[in-house]
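The structure appears right after this line, and notes come after that.
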Amino acid sequence: MKKAAGAAALALLATACGAGTPEAAPTSTGGTFTYAIPADPGVLDPATGVLSVTNTVLSIAYDTLVRAGEDGGIVPGLAEKWDVKPDAVTFTLRKDVTCSDGSPVTPEDVAGTINHIADPDTKSPVYGVFVPVGMKAEAGDGTVTLSTPEPFGFILESARDIFIVCGKGVEDRSLLARGTSGSGPYVLSEAAPGDHYTFKVRRDYAWGSSGTGADLPEQVVLKVVPNEQTAANLLVAGTLNGAQFLGPDRARMESTPGIGQIVTPVGNGQFFYHQGDGRPGADPAVRKALTQALNLTELGGIASGGTGRPATGLVVEPRACPGDTVTGHVPAFDEAAAAAALDAAGWKPGPDGIRVKDGERLSLRLLYATTRGPGVQAAAEYMAAAWKKAGAEVKLNGVLDTKLSESLNVTQDWDAVWLPITVTLPSQLVGFLSGPAAPKGANFAHLDNDRYTELVTEANGTPGEKGCALWGQAESALFESADLVPVVGNTTLIATKNAAFRMAGGLFDPSSFRLTQGG
């Protein structure tokens, strides 16, 4: 799923010598920067970028109107200044920005990007996530205004997550399936799905937050490496300059000399129940009972390999709305209570121990991504064993990220799914957690929590601390009804060798790429 997918409001730097600035070690502007991605990104049109790996790739070639600064604040991107009102924000664009085909980036390009995503005919899965529902864009003389039907507390912040399409890609979106048409410092030159994606530098790039095209490596190669052990071996050998580690090879990277390392939060390990008609998870009593059957502390330790932290909310840290929305709101581990609840809901143990109701067995298909490391595989097995003990039969279905997205949004062949979603604003979750159900909408789990909907409707138009309190209550309402279950706050290790760069929430600041000499 999408990534679920936004940029955390925290700029991170990893170098072969540790944290610092890209200039901390001698650098070279030639050569190739090579980074491992865990799965193929699929179609590269920003309007369809629901997978986190897709947005990682897109961040190399596309700019946004504003960016997240190192302190979490908003800093200029394509826009040099802005004027914010409760229901609108007007951006004044830089005049020196060009697209990868040499054409100027215009207010019409920016407005067209937003309006294309918001067009119902586009059926964009990022509408309601990166582009708020009802948002419209209007081009002016050197400006573009984004407006919403009602006041929206995050109207400025939402602009930092929208990749702006320009040039030829505006008129012919088919070019974006395996190509790029953006104003970023790199342009895609070769796409070999399942193997690698190569980007060539734009030496004319002059509007980056960390440097110009003259400062950057000649090319960037994103190599598809699903196996973390393989990525670790390639990194140590110097074939890779960077990779992310979630599994057991993380400890190896942390103890290897000459490897730069940054540990950063990357969202929750969590799972959802499918609440469509005829699914076991449609019954809140079943959802709560199945949740009570799990020791979430043990499960979190297994899933994260012991590197996680207690989950405290759905939005990646640091948050626009701080606080703990999880503690005291998730059904607590209690096997006896779980069994009693299933009995009361009419699910009685059959001769083989599997519970039956109205002739139907309590059967669950548990979906998860195999690219998330052995910890997630072990967590899925732990869940299956615990649910079997409670009287459910469980079929494990481990798939690649692209197949996971298809299963969630098209085939719907699942009953529970382990699915981390990384977002930076609580408003970005609304389309996933309410509204039209898949395949017509992004609400893949068919959630229908009236309390959540009421609270987010009020929170959307309430800025500041009062709005944040409402967003927090909305998250807690989801946990109390076991619509989704946050298990552990994941962290990841970004390891590098002979390179320096900044990442924020899985997205690159490509103007920060440097190849270092020594360290």
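The values are calculated or read from the model by the stated rules, or taken from the named source; none is laboratory data. Note that this is a predicted model, so its numbers are computed, not measured. Every residue, glycine as well, gets a Cβ built from its backbone with ideal geometry; the counts of neighbours run over all protein chains shown. Accessible surface is based on the protein model in full, side chains and every heavy atom, while ligands, DNA and RNA are left aside. Shrake-Rupley method; radii C 1.70, N 1.55, O 1.52, S 1.80 Å.
About its Cα centre, the dipole of the stretch 376-465 is roughly 280 debye, where the only charges are +1 on Lys and Arg Cβ and -1 on Asp and Glu Cβ. Remark: the stretch 62-161 carries 44 Å² of accessible area per residue (probe radius 1.4 Å; ligands, DNA and RNA excluded). In percent, what relative contact order does the chain have, based on Cα pairs under 8 Å that are 6 or more apart in sequence? Relative CO of the chain lands at 25 percent.
Overall shape of the stretch 448-497 was characterised from the C-alpha gyration tensor. The equivalent ellipsoid obtained from it has semi-axes of 28, 17, 8 Å, in decreasing order. Only one residue of 208, 186, 165 has its Cα farthest out toward the positive end of the dipole of the stretch 133-234, where Lys and Arg carry +1 and Asp and Glu -1 on Cβ, and that residue is 186.
Dimensions of the chain from C-alpha coordinates, computed as largest minus smallest value along each principal axis and given longest first, are 72, 54, 40 Å. A Förster distance of 25 Å, applied to the separation of the beta-carbon atoms of residue 229 and residue 395, puts the FRET efficiency at 0.35. Using the alpha carbons alone, the radius of gyration of the stretch 152-211 stands to its Kirkwood radius in an Rg to Rh ratio of 1.04. From the alpha carbon centroid of the stretch 315-351 to that of the stretch 264-285 is 11 Å. From helices alone, the chain scores -6500 deg cm²/dmol at 222 nm; the rule is -39500 (n - 2.57) for each run of n ≥ 4 DSSP H residues, then divide by the residue total. If a spin label sat at a point 7 angstrom from the Cα of residue 298 along the line to its beta carbon, the backbone N atoms of the stretch 315-344 nearer than 13 Å would be those of 333-336. When a 1.4 Å probe is rolled over the protein heavy atoms, the share of accessible surface on the stretch 404-519 that falls to carbon and sulfur comes to 52 percent.
Translational diffusion coefficient of the stretch 85-216 at 37 °C, 0.692 mPa s, Stokes-Einstein with Kirkwood Rh over Cα pairs, in µm²/s as a whole number.
Roughly 207 µm²/s, to the nearest whole number.
For residue 85, the lysines whose Cα falls under 21 Å of its own Cα, not counting residues fewer than eight places away in the same chain, are 136, 466. Partner lysines whose Cα lies under 24 Å from the Cα of residue 403, excluding those fewer than 8 positions away in the same chain, are identified as 2, 3, 123, 223, 395, 440. Within straight-line reach of residue 168, meaning a Cα separation under 14 Å, sit the following aspartates and glutamates at least 8 residues removed in sequence or on another chain: 45, 101, 108, 109. Using the average count of surrounding beta-carbon atoms within 10 Å as a protection proxy, the listed peptides 39-49, 103-113, 496-506, 462-472 rank, highest first, as 496-506, 39-49, 103-113, 462-472.
When every Cα-Cα distance of the stretch 176-239 is counted in 5 angstrom steps from zero, the calculated P(r) takes the values 4, 16, 20, 19, 16, 15, 8, 1 percent. To check you understand DSSP bridge types, tell me what percent of the beta bridges within the chain (both residues inside) are antiparallel, rounded to 5. Of all bridge pairs located within the chain, approximately 75 percent are antiparallel. Any chance you could list P(r) for the stretch 293-337, counting all Cα-Cα pairs in 10 angstrom bins from zero, rounded to whole %? Reading upward from the zero bin: 23, 46, 27, 4.
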